[in-house]
Structures are given as C-alpha cells and as structure tokens.
Amino acid sequence: MTAKVILFDFDGTIADTYQAIANITNQLSTEFGYKALEPAELLLIKNLSSREIVKRSEISAFKLPFLVRRIRLELSKEIAELEPISDMDRALLSLKTQGYVLGIVTSNNQENVEIFLTKNQLNHLFSYTYSGTGIFGKHRVINQAIRENGLNKSEVIYVGDETRDIRSARKSRIPVIAVGWGFNAVEILAEHQPDYIANNPSELLAAIALWQSHRAETKVN
C-alpha cells in the first residue's frame, strides 16, 4: 500500500471527552476505592504521565481494567452529546481531501467511536477503527492496524494527546504527533519527545506537512 496513513487517538484528540471522563472517573471513586479529584487537582495531573497518574490514584492493578471498562460504559451514555475538538472536523476533512488515509486506534470501545463519528458526520472520513482493551497496550493495536491493512511503517504517523500515545508509537516504531489540547499538557508531552507537537488543529496540519517534507528529503538522500 502506497497511501500515506494517519492513525488518530480518539478521546481528547478527535472527541472532546476530557471533562466527561473526568466527571465519570470522580463519580466512580467511592466504588473503586480512590480519591475523587478537585478541579485544581485535575489541572495538576495534566502534567503527569499516564503511569504517574495511575500510581498517584493508588488504585490497585487488579481493579484498573474493571474501572476502565466502567468508564467506557458510562461514557457510552453521553457520547452522542459530546462535540469534536474545535476545528478538528475541518482539519480531518482537509487531510482526507489531500489524499491521506485516516484511521483510529483507541482504548475506547468501537461502538462509542462509531456513535460519535456518525452523530458528528465524520464517519465518512475514516477508513477503519481499531479498539484495544489495555490502557498501556495501544502499541499492539497500532501494530494490528498496520499488519491487517498491509501498511508500510514509513508511510504511517500516529496522532495522540497523552504520554502513553507517544510511548506506544515509539514501541511500534512509527513517528508521532502529540497534540496539546487533550489530556496531557504540552510541557509533559514535550518531555517525552514526540516527533512533532501541535497546539491546535492548524498546527496539526502544519506538522503533517513537515513530516511529509522530511520523508521526501529522506528519500532523496
């Protein structure tokens, strides 16, 4: 396959789910035995890595998969009411018009993604959606998407809003664009050294153009 492929994270990157997930996580705190976070603390954890957040919560490793499952279930009740990140729809349409193949790799469930995309008339922009259950195993889902679609890793880039997205792309040996409008703050994203950082969808388009330019230079050299 020769088409250039952009794989996107979903929550916080395409869909503005941050506040909904934060609210749901707080609502489940008593049931799962961790401390609910105040608004100031929610801002603080934006500067922590995904692993640091889990450690700080003191939730047991045994309970974590069950918590993630419940968050997805509760989110499904709200997903149809949530909106895309501002101007993300225009950026996605621009990329599709330029000839990129767009896909989604997410730890959310596929039904939530499909409901959201259909409601916001974005479903026609994506060629495929891959969902994984483990919050720290997204590289396996990225690898599955690459393998099943016969993709060349040199033609693939990943876009996400968390430190674990950067780590997953590194494990899959593909470049990554970290976006600063989602779960993690730009400062902690920069510490994890993504290939590119975008602060808004316009900068995302610029980062992808820069990636293409670098690829072209590599081929010439």
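Taking the conditions exactly as written (within 11 Å of the chain's Cα centre (by Cα), hydroxyl-bearing (Ser, Thr, Tyr) and under 19 Å from Ile79 (Cα atoms)), does Ser107 satisfy them or not?
It is true that Ser107 is within 11 Å of the chain's Cα centre (by Cα), hydroxyl-bearing (Ser, Thr, Tyr) and under 19 Å from Ile79 (Cα atoms).
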Is there a residue being assigned to a helix (DSSP H, G or I), in contact with a Pro (Cβ under 8 Å, 6 or more places away or on another chain) and within 16 Å of Ile208 (Cβ to Cβ) anywhere in region 118-133?
no
Kindly indicate the residue of region 31-70 that is hydroxyl-bearing (Ser, Thr, Tyr) and surrounded by 13 or more Cβ atoms within 10 Å (Cβ to Cβ) and also modelled with the lowest pLDDT among those meeting that condition.
Ser50
Hey, among the residues in region 74-91 that are assigned to a helix (DSSP H, G or I) and in contact with a Phe, Trp or Tyr (Cβ under 8 Å, 6 or more places away or on another chain), which one's nearest to Ala22 (Cα to Cα)?
Ile79
I'd like to check something: does region 80-94 contain any residue that is touching a helix residue (DSSP H, G or I) at 6+ places or on another chain (Cβ under 7 Å), in the same structural domain as Val179 (by TED's automatic domain parsing) and at positive phi?
yes
Only one of (1) surrounded by 19 or more Cβ atoms within 10 Å (Cβ to Cβ); (2) assigned to a loop (DSSP other than H, G, I, E, B) is not met by Asn112, so which one is it?
(2)
Inspect region 23-39 for any residue being closer than 21 Å to Gly182 by Cβ and touching an Asp or Glu at 6+ places or on another chain (Cβ under 7 Å) and give the result as yes or no.
yes
List the number of the failed condition for Gln144; all other conditions in (1) farther than 30 Å from Leu28 by Cα; (2) in a loop (DSSP other than H, G, I, E, B) hold.
(2)
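Can you tell me how many residues in region 1-16 are under 12 Å from Asn149 (Cβ atoms), surrounded by fewer than 24 Cβ atoms within 10 Å (Cβ to Cβ) and modelled with pLDDT of 95 or more?
Number of matching residues: 1.
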Only one of Ser202, Ser154, Ser213 that is exposed (fewer than 15 other Cβ atoms within 10 Å of the Cβ) and touching an Asp or Glu at 6+ places or on another chain (Cβ under 8 Å):
Ser202
Expected output for region 195-207 (first residue of a type in the set (Gly, Ala, Ser), partner modelled with pLDDT of 95 or more and part of a loop (DSSP other than H, G, I, E, B), Cβ below 9 Å, 6+ apart or cross-chain) is Ala198/Gly180; Ala198/Trp181; Ser202/Asp87; Ala207/Asp195
Any residue at all in region 172-195 that is in a strand (DSSP E or B), touching a helix residue (DSSP H, G or I) at 6+ places or on another chain (Cβ under 7 Å) and aromatic (Phe, Trp, Tyr)?
no
Here is a check on your reading of the model: is Ser154 at pLDDT below 95, in contact with a helix residue (DSSP H, G or I) (Cβ under 9 Å, 6 or more places away or on another chain), among the polar types (S, T, N, Q) and farther than 23 Å from Ile71 by Cα?
yes
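Under the condition of being within 12 Å of the chain's Cα centre (by Cα) and part of a helix (DSSP H, G or I), which residue from region 147-166 is farthest from Asn23 (Cα to Cα)?
Among those that are within 12 Å of the chain's Cα centre (by Cα) and part of a helix (DSSP H, G or I), it is Ile166.
The values are calculated or read from the model by the stated rules, or taken from the named source; none is laboratory data. Owing to the predicted nature of the structure, the values given are computational and were not obtained by experimental measurement. FYI the Cβ positions are ideal-geometry reconstructions off the backbone, even for glycines, and counts take in every protein chain you see.
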